[in-house]
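Below you'll find the structure, written out as structure tokens, and then a few comments.
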Amino acid sequence: MSEVLMIDSVLLLLVAATAIAVVEVRSLYAAAMLSGIYSLLMALVWVNMHSMDVAFTEAAVGGGISTILLIGTLVHTEREEKKRKTRVNWGALLVTAMTGAALIYGTLDMPRFGDPNAPIHNLRVPEMVNQTVGMTAGAKGKQPPPVGWTPRQNLELPLGHKQAYAMQRAHATNEARLKEAGEGHGGHGGQKADGHGAEHEAGHDDAHAHPAGDFNGHVPNTVTSLLAAYRGYDTMFETAVIFTAGASLILLLRRRRRPGENLPKQQSANLTDQVILRVMCKLFIPFILIFGLYVISHGEIGPGGGFQGGVILATAFILYGLIFGRPELHRVLPERLTDILAVLGVLLYSGVGVFTMLRGGKFLDYAFLNPASPGDGEPLGMTLVEWGVGITVCTVMITIFNQLAEEESK
Amino acid sequence: MAWNEIVCAVLLVVGVLISLTGSLGLLRFPDFYSRLHTAGKTDSLAQLCIFVGLALIDQVTVDGVAYPVDPLIRIKLIMVALLLFFTAPTATHAITKAAMLDGVMPWKKGEPPK
């Protein structure tokens with residue numbers, strides 16, 4: 001048994017124990033804290049599996065802000081779970097058991113844990129890992145390949161040719177793209193019947209819509225590359241979902257103030273008197289803010305991204321609001337501003353997509369952001385998109401906190 | 001055995017022992033405040049020992065191959081230790097204050113444990 005597996009088993013046992021405890025415990029505060037611990041343990045499991053981005057999100061969102069928001073919600077409800085007559089619902093138990101069995105049956109088809117021959121390690125990841133950001137080998141700056149240059153056909157392309165190939169592809173005219181797509185689709189239909197291997201072989205074909213060198217990959221962080229380019233629409237609608245959550249909370253909970261009516265001066269807790277908390281808060285908020293900004297803007301290079309960074313930024317503001325009182329937070333960051341910024345984040349994301357369409361590409365085709373150097377488009381577009389996500393997530397989290405605290409002060 | 005490995009081992013043992021006493025105290029002590037006191041020790045002193053000990057290691061052996069440790073990792077470990085050294089006591093303080101404001105009374109000798 002390897003070390004990784006041993007650590008994983010212990011962690012997963014703890015995760016299972018925590019999950020049972022969350023269900024069993026009566027006190028809702030304890031349940032909220034336990035769910036935070038659950039997320040933290042899961043983050044450790046992800047770290048053990050070397051998936052830093054997922055771990056980061058789990059720790060920031062699950063362990064951090066959702067625990068705060070859950071406890072904020074509990075202020076309005078009750079501390080204890082109501083006692084209910086428990087009676088086994090056999091139908092529900094059967095459905096649950098069958099779903100669980102189906103999920104476990106599904107995992108049997110997965111490659112063995114840590115299998116070096118798993119498809120994920122051999123298919124495209126080695127190429128993606130070997131990439132450098134938007135550079136052509138042997139050329140200064142970012143340049144299109146020379147006229148008459150053709151990409152090589154095999155998968156083991158030396159680094160650099162691949163980039164040049166991707167750039168050449170981005171330079172292709174719309175007609176060529178359409179033609180290519182048409183042929184590609186035909187090819188797909190034909191080869192799908194032959195199964196996976198045939199489709200992989202087709203990847204070498206240059207006329208194919210998805211050639212081997214193409215994973216929209218110019219960005220070293222493969223996770224961001226996947227999230228922001230390969231499934232860019234999905235991430236955009238995730239951002240839209242978060243925005244919708246914030247908007248519906250505003251509609252449901254925000255009280256319309258009469259003109260001249262201000263926020264109450266003093267909040268419920270006497271935390272504003274605490275010298276130690278104030279000093280530590282003032283000491284740490286700048287670091288938290290800088291870390292959040294770093295995580296957002298560094299998302300396409302290292303672990304991180306809009307969701308994690310936005311949540312970290314929001315935590316700084318929520319901490320400020322908790323320690324110095326909500327009127328002070330309102331002075332620093334008015335509700336009107338957070339409302340506008342939440343909209344602007346989503347608009348920034350979709351705006352990048354519309355901009356590339358205006359430039360003649362497809363929606364969110366980053367190569368069209370800057371026609372002079374398409375290789376730069378990917379990092380630039382992802383940075384913009386991550387900022388959109390970050391702004392929306394941050395402001396929506398602050399809005400949720402504001403609404404929960406406002407209800408409390410009534 | 002190099003000096004740094006010995007110091008690291010000693011620090012790790014000290015850290016683990018303090019964690020153990022902290023956990024024991026958390027289970028055995030009579031009331032909220034004294035339990036928090038033992039938990040605070042684990043948060044500040046034990047983590048400091050463990051992180052400083054780990055920062056002293058200069059190579060890691062995986063499957064018989066020794067890899068040198070990046071100095072950046074040591075700086076990060078020290079930074080995490082410093083961060084926790086400031087935030088953990090503050091959190092303990094905040095919890096204690098909140099309990100005090102909430103009217104939790106400290107245990108006195110002779111009373112049954114809460």
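The values are calculated or read from the model by the stated rules, or taken from the named source; none is laboratory data. If you're wondering where the values come from, they're calculated on a predicted model, not measured in any experiment. FYI the Cβ positions are ideal-geometry reconstructions off the backbone, even for glycines, and counts take in every protein chain you see. SASA here: full protein model, heavy atoms, side chains in, ligands and nucleic acids out. Shrake-Rupley method; radii C 1.70, N 1.55, O 1.52, S 1.80 Å.
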### Task
Please indicate, with yes or no, whether at least one residue in the range B:63-76 is within 17 Å of the chain's Cα centre (by Cα) and open to solvent by less than 70 Å² (accessible area, probe 1.4 Å).
no
### Query
What pairs can you find where one residue is in the range A:329-344 and in the same structural domain as residue A:254 (by TED's automatic domain parsing), the other is open to solvent by less than 50 Å² (accessible area, probe 1.4 Å) and among the polar types (S, T, N, Q), and their Cβ atoms are less than 6 Å apart, with a gap of 6+ or different chains?
A:338/A:395; A:338/A:399; A:341/A:395; A:342/A:392; A:342/A:395
### Task
Please verify whether the range A:97-112 includes one or more residues that are of a type in the set (D, E, K, R) and open to solvent by less than 70 Å² (accessible area, probe 1.4 Å).
no
### Query
Pick from B:94, B:99, B:46, B:39: which is surrounded by 15 or more Cβ atoms within 10 Å (Cβ to Cβ), part of a helix (DSSP H, G or I), within 14 Å of chain A (Cβ to nearest Cβ) and in contact with a Gly (Cβ under 7 Å, 6 or more places away or on another chain)?
B:39
### Task
Give the range A:13-36 a look and list any residue that's assigned to a helix (DSSP H, G or I) and open to solvent by 80 Å² or more (accessible area, probe 1.4 Å), or say none.
A:13, A:14, A:20, A:23, A:24, A:33
### Task
Within the range B:54-67, identify whether any single residue is more than 29 Å from residue B:9 (Cβ to Cβ) and within 12 Å of chain A (Cβ to nearest Cβ), and answer yes or no.
no
### Task
Give me the pairs, please: first residue somewhere in the range A:237-252 and over 16 Å from residue A:389 (Cβ atoms) and free of Cβ contacts under 8 Å to residues at least 24 places away in the same chain, second residue anywhere and open to solvent by 50 Å² or more (accessible area, probe 1.4 Å) and not in a helix (DSSP H, G or I), beta-carbon distance under 7 Å, and either six or more positions apart or on two chains.
none
### Task
Confirm whether residue B:110 is assigned to a helix (DSSP H, G or I), away from chain A (no Cβ under 14 Å) and not aromatic (Phe, Trp, Tyr).
no
